[in-house]
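Here is the structure we will look at.
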Amino acid sequence: MGYGGYSHVAHTELLKERGTSGQPVFTQHECHPLMNPRGVRVRESRDSADHPHSLAVVFALDVTGSMGGIPRALATDEMPRFMKILEDARVPDPQLLFMAIGDANSDAAPLQVGQFESTAELMDRWLTWSYLEGGGGPGIEESYELGLYFVAQHTEADCFVKRGKRGYLFMTGDEKPYPVVSRHTVETVIGDRLDEDLALPAVIAALSEEWHPFFLIPDDASRRARCERTWRDLLGDHVLLVPTTADICFVAAGALVITEGIVKDEAQLAATLSGAGLAHDRLGPVIQALRPLLDLRR
């Protein structure tokens, strides 16, 4: 997947029309059949004549009750800003896939998976096809490990296959992951048959061979207190503390251009984010969220 060209103007206009239409953005009342991961062999990010240097990017969004505002913000306002930063930084051919994460122990749709796309219209279609179930379990864990497992085992990206360049996974959340990938859950939700449960660090190690995984925790201290330590033990400085929900796209895009070596210091980062529309009063907190990545590049 991933054919066609991206237009920032078209993307912005699409969201502007949505804002004036008064129509609901997310209308699914169950998992869309095309986003059901069961039986999916692979989701592909491929080079094409239009996109000879594709770069695979996955947004894995927690859609449980406390986190549903993030996909809504992306679909109504924020997503073109992510793409503008990449466009201005001359990241050549980004291809985006959206996933939705719930809880396999309580939700009807604990994992939903779109396709890699290059056009504004198709990116938006998969995002808004997501079922915002708004559930989640009663405990302190959600099924993030299912999303990590799916990306590790059921995606293939030409950026890595042809050029050895890892793709990017940006996962949002405010809970801990389950410590293992349950073989019973994987068979039920995805259809794979495993001989045994998989320890989460081993899944992340396999994932990290082909992807840069990031976990983004938004907003308030209570969310961070619940899960930051666990995620830092798994991902280290790839855990990013996002100042507000509205900053998700700026932090994700900033992490990408820093990791790619396109942006090398705070001055460059500030200019890049400001150019994409980040307000002056939010610039400092967003840079603070990304400072650990800048320090790693020095």
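The values are calculated or read from the model by the stated rules, or taken from the named source; none is laboratory data. Computed from a prediction, not measured in an experiment: that's the story for all the values here. In this analysis, Cβ positions are derived from the backbone assuming ideal geometry, glycine residues included, and neighbour counts consider all displayed protein chains. Quick note on the areas: whole protein, heavy atoms, side chains included, nothing else; ligands and nucleic acids left out. Shrake-Rupley method; radii C 1.70, N 1.55, O 1.52, S 1.80 Å.
Here the chain is treated with +1 on each Lys and Arg Cβ and -1 on each Asp and Glu Cβ, and its dipole about the Cα centre works out to around 500 debye. Rounded to the nearest 5, the antiparallel percentage of DSSP beta bridges internal to the chain is 15%.
What do the square roots of 5 times the Cα gyration tensor eigenvalues come to for the range 148-239, in whole Å, largest first, as semi-axes of the equivalent ellipsoid?
Whole-Å semi-axes of the equivalent ellipsoid: 23, 19, 11.
Using only Cα positions of the range 237-296, each an equal point scatterer, no hydration layer, compute I(q)/I(0) via Debye at q = 0.13, 0.17 Å⁻¹ and quote the log10 values to two decimals. Once normalised to I(0) and log-transformed, intensities are -0.25, -0.45. Its relative contact order, with pairs defined as Cα atoms under 8 Å and 6+ residues apart, puts the chain at 20 percent. The share of accessible area on the range 1-115 that comes from carbon and sulfur is 49 percent, using a 1.4 angstrom probe.
Farthest toward the positive end of the dipole of the range 36-181, out of TRP126, GLY114, GLY164, is the Cα of GLY164, where the dipole comes from beta carbon charges about the Cα centre.
Annotation: amide H of LEU169 within the under-5 Å range of VAL58, HIS212, PHE214, sequence separation 5 or more or interchain, hydrogens built in the peptide plane.
What translational diffusion coefficient, to the nearest whole µm²/s, does the chain have by Stokes-Einstein, given a Kirkwood radius computed over alpha-carbon pairs, a temperature of 25 °C and 0.890 mPa s viscosity?
128
Within the straight-line cut-off of under 17 Å between alpha carbons, the lysines reachable from LYS16 are LYS84, sequence neighbours fewer than 8 places apart in one chain being disregarded. The length gained by stretching the chain between GLU121 and ASP192 to full extension, at 0.36 nm per residue less their Cα-Cα distance, is 22.4 nm.
For the range 81-186, the equivalent ellipsoid derived from the alpha-carbon gyration tensor has semi-axes of 27, 17, 12 Å in decreasing order. Placing R0 at 25 angstrom, the Cβ-Cβ distance between LYS16 and ASP50 gives a FRET efficiency of 0.50 after rounding to 0.05. Taking Lys and Arg as +1 and Asp and Glu as -1, the other residues whose beta-carbon sits under 11 Å from that of PHE250 total +1.
A cut-off of 5 Å between modelled amide H atoms, ignoring neighbours fewer than 5 places along the same chain, links SER45 with GLU156, ALA157, ASP158.
What's the magnitude of the charge dipole for the range 149-195 around its Cα centre, counting Lys and Arg as +1 and Asp and Glu as -1 at the beta-carbon? Answer in Debye, nearest 20.
So the magnitude is around 300 debye.
Work out how much length ALA108 to GLN268 would gain on full extension: take 0.36 nm times their residue separation and subtract the Cα-Cα distance, in nm to one decimal.
53.2 nm
Build a GNM of the chain with springs between Cα atoms under 10 Å apart, and of GLU44, GLU266, GLU133 the one that fluctuates most is GLU266. Annotation for the range 198-222 versus the range 245-298: alpha-carbon center distance of 20 Å.
Phi angles across the range 244-260 convert, under the Karplus curve 6.51 cos²θ - 1.76 cosθ + 1.60 with θ = phi - 60°, into 3J(HN,Hα) values of 9, 4, 5, 9, 3, 5, 5, 5, 4, 5, x, 4, 5, 6, 5, 5, 6 Hz, Gly and Pro given as x. Note on the chain: helix-only mean residue ellipticity at 222 nm, from DSSP H runs of 4+ residues weighted -39500 (n - 2.57) and normalised by residue number, equals -12500 deg cm²/dmol.
Seen from ALA73, the other residues with C-beta closer than 12 Å to its C-beta sum to a net charge of -2, counting Lys and Arg as +1 and Asp and Glu as -1. Positive contributions from Lys and Arg (+1) and negative ones from Asp and Glu (-1), summed over other residues with Cβ under 12 Å from the Cβ of GLU141, come out at -4.
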